[in-house]
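K.L.:
Dropping the structure in here first, questions after.
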Amino acid sequence: MLERTLWLATFVLLLTGGVLLWRRYLEQQTKRLAFAQVPTELAALPLASGPAVLYFTTATCAQCRFQQTPALAAVQQQRSALQVLKLDAVEHQRLADTYHIMTVPTTVVLDGQRRPVAINHGLASADRLLAQLDRASE
Amino acid sequence: MPDKATIVDHSALRFNQASIILFLALAFLLNQPLLVVFVAAVMWIGTLAPGAGLFKLVYRHIIKPLGVIRPVLKADDPKPHLFAQGVGALVLTLSIVALFAGLPVLGWALTGVVVALAAINLFLGFCMGCFMYYQLARRGIHANLPWWQARQGA
């Protein structure tokens with residue numbers, strides 16, 4: 001029993017450590033992208049100046065339709081000037097690869113210079129997006 | 001309002017995931033493969049007949065009326081959640097085969113995979129079905145399962 005408890009504790013620690021390390025890696029990846037040149041695919045998109053959100057989705061993503069889209073609508077109600085550009089992650093694969101998109105929904109929060117402030121792999125709540133947009137406006 | 005929305009109680013989903021994690025952890029601690037069989041049976045029944053899933057029934061008839069957990073009702077599509085549970089049930093079935101075939105390390109490792117995926121879903125809200133679909137689609141494999149039928153308007 002004691003041996004199995006220790007194994008279980010090790011498993012929990014490894015899982016928690018793995019998640020924390022993964023998040024740290026993703027944060028570093030976003031920072032590297034912020035210092036890189038604006039991708040040509042992004043420059044070609046119809047975006048005006050000011051913060052924006054790239055919203056990567058697919059036609060079959062239920063979590064996008066029922067949770068991420070309403071969350072973004074709630075954000076837009078509070079930030080009427082915010083541009084949200086919905087992109088099919090499979091059709092825009094080069095841009096998706098540039099931002100290392102691994103799932104949908106993924107939201108990329110851009111500042112006025114088109115630098116990524118945050119990349120949310122998976123569902124992002126309205127509160128989380130609003131906090132990231134505050135950082136994008138600083 | 002999104003199209004074809006169904007109201008899904010997310011507290012029921014979270015209770016289901018937490019129960020799966022708890023019973024599988026107990027199964028490992030007590031070295032009881034029969035508990036894994038029990039959880040796999042609950043998951044298969046919950047996938048094939050969603051209204052009959054034991055953990056969801058416990059939530060609906062005991063936990064919710066007692067007010068232990070408040071319901072969180074959201075417009076959602078239940079199919080991806082059922083798909084994820086089906087994948088978990090399948091992996092757990094492989095785990096049972098390994099456990100009863102005298103391969104305890106492989107069996108418990110597969111149980112650990114189910115626990116890890118349930119925990120990631122419970123604590124991080126990561127959609128495994130969305131991840132799998134996208135990873136297949138970007139490699140040119142367009143899975144076309146009934147619950148992945150293309151619907152526009154994301």
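No value in this document is a laboratory result; all are computed from the given coordinates. Note that the coordinates shown come from a computational prediction; the quantities given were computed from them, not determined experimentally. Reconstructed Cβ throughout: ideal geometry from the backbone, glycine too, with neighbour counts over all protein chains shown.
K.L.:
Which of A:Lys31/A:Lys86; A:Lys86/B:Lys74; A:Lys31/B:Lys74 have a Cα-Cα distance over 30 Å? Numbers along the way, then the final one.
P.N.:
Working: A:Lys31/A:Lys86 23 Å; A:Lys86/B:Lys74 22 Å; A:Lys31/B:Lys74 34 Å.
Over 30 Å Cα-Cα: A:Lys31/B:Lys74.
K.L.:
Using only the Cα atoms of the protein assembly as shown, construct the convex hull and provide its projected area averaged over every direction, in square nanometres to one decimal.
P.N.:
17.1
K.L.:
Right, another one. Could you put A:Met102, A:Met1, B:Met128 in order, starting from the residue whose Cβ has the fewest other Cβ atoms within 10 Å? Can you show the working numbers first?
P.N.:
Working: A:Met102 15, A:Met1 8, B:Met128 18.
Going from sparsest to densest Cβ surroundings: A:Met1, A:Met102, B:Met128.
K.L.:
I need the phi-derived Karplus couplings for region B:8-13: 6.51 cos²θ - 1.76 cosθ + 1.60, θ = phi - 60°, integer Hz, Gly and Pro marked x.
P.N.:
Taking θ as phi minus 60°, the curve returns 10, 7, 6, 5, 5, 5 Hz for region B:8-13.
K.L.:
If you don't mind, another one. Please list 3J(HN,Hα) in residue order for region B:45-50, calculated via the Karplus relation 6.51 cos²θ - 1.76 cosθ + 1.60 where θ = phi - 60°; whole Hz, with x for glycine and proline.
P.N.:
4, x, 7, 7, 9, x
K.L.:
Charges at C-beta only: +1 for Lys and Arg, -1 for Asp and Glu. How large is the resulting dipole of region A:60-112 about its Cα centre, in Debye rounded to 20? Can you show the working numbers first?
P.N.:
Details: 4 positive and 4 negative charges, 34 e Å.
Value, rounded to 20: 160 debye.
K.L.:
Once phi is turned into θ = phi - 60°, what whole-Hz ³J(HN,Hα) does the Karplus curve with 6.51, -1.76 and 1.60 give for every residue of region A:82-89, x standing for Gly and Pro?
P.N.:
Taking θ as phi minus 60°, the curve returns 5, 9, 10, 10, 7, 10, 6, 5 Hz for region A:82-89.
K.L.:
Could you please rank A:Thr60, A:Thr5, placing first whichever residue has the fewest other Cβ atoms within 10 Å of its Cβ? All intermediate terms of the calculation are to be shown ahead of the outcome.
P.N.:
Working: A:Thr60 26, A:Thr5 11.
The fewest-first ordering by Cβ neighbours comes to A:Thr5, A:Thr60.
K.L.:
Counting only Cα atoms, I'd like the Rg/Rh figure for chain A, Kirkwood definition for Rh. All intermediate terms of the calculation are to be shown ahead of the outcome.
P.N.:
On the way: Rg = 17.3 Å, Rh = 16.2 Å.
Result: Rg/Rh = 1.07.
K.L.:
OK, next. Taking every residue in A:65-71, how many Cβ atoms of other protein chains lie within 10 Å of its Cβ, on average?
P.N.:
Numbers: counts 11, 13, 8, 3, 3, 5, 0.
Partner Cβ neighbours, averaged per residue: 6.
K.L.:
Further question on the same structure: For peptide A:4-11, how many partner chain Cβ atoms fall within 10 Å of a residue's Cβ, on average?
P.N.:
For peptide A:4-11, the averaged partner shielding equals 3.
K.L.:
Can you give the % of DSSP beta bridges in the protein assembly as shown that are antiparallel, to the nearest 5? It would help to have the intermediate numbers written out before the result.
P.N.:
On the way: 14 of 20 bridges.
Roughly 70 percent of the beta bridges in the protein assembly as shown run antiparallel, per DSSP.
K.L.:
Another question about this same structure. Considering every residue in B:12-18, what mean count of other chain Cβ atoms within 10 Å of its Cβ is obtained?
P.N.:
Working: counts 0, 0, 0, 0, 0, 0, 0.
What the average comes to for B:12-18 is 0.
K.L.:
Can you list the residues of region A:103-126 with backbone N under 14 Å from a point 7 Å past the Cα of A:Asp134, pointing along Cα to Cβ?
P.N.:
Of the residues in region A:103-126, A:126 have backbone N under 14 Å from the label point off A:Asp134.
K.L.:
Rank these for me by crowding, B:Ser95, A:Ser137, going from fewest to most other beta carbons within 10 Å. Before the final figure, lay out the partial values.
P.N.:
On the way: B:Ser95 27, A:Ser137 12.
Neighbour counts put them in this order, fewest first: A:Ser137, B:Ser95.
K.L.:
Can you list residues whose amide H is under 5 Å from A:Val84's amide H, if they're 5+ apart or on another chain and H is modeled 1.01 Å from N?
P.N.:
Answer set, sorted by chain and number: A:Val53.
K.L.:
Based on alpha-carbon centroids, what's the gap between region B:38-86 and region B:88-105 in Å, whole number please?
P.N.:
Measuring centre to centre over Cα atoms gives 23 Å.
K.L.:
How high is the relative contact order of region B:1-141, in percent, with contacts defined as C-alpha pairs under 8 Å that are six or more residues apart? The partial results should precede the final answer.
P.N.:
Details: 142 pairs, mean separation 44.3, N = 141.
RCO, region B:1-141: 31 percent.
K.L.:
With the cut-off at 15 Å, report for region B:1-113 the share of all Cα pairs above it, as a whole percent. Display every interim value, and only then the final one.
P.N.:
Working: 4119 of 6328 pairs.
Result: 65 percent of Cα pairs exceed 15 Å.
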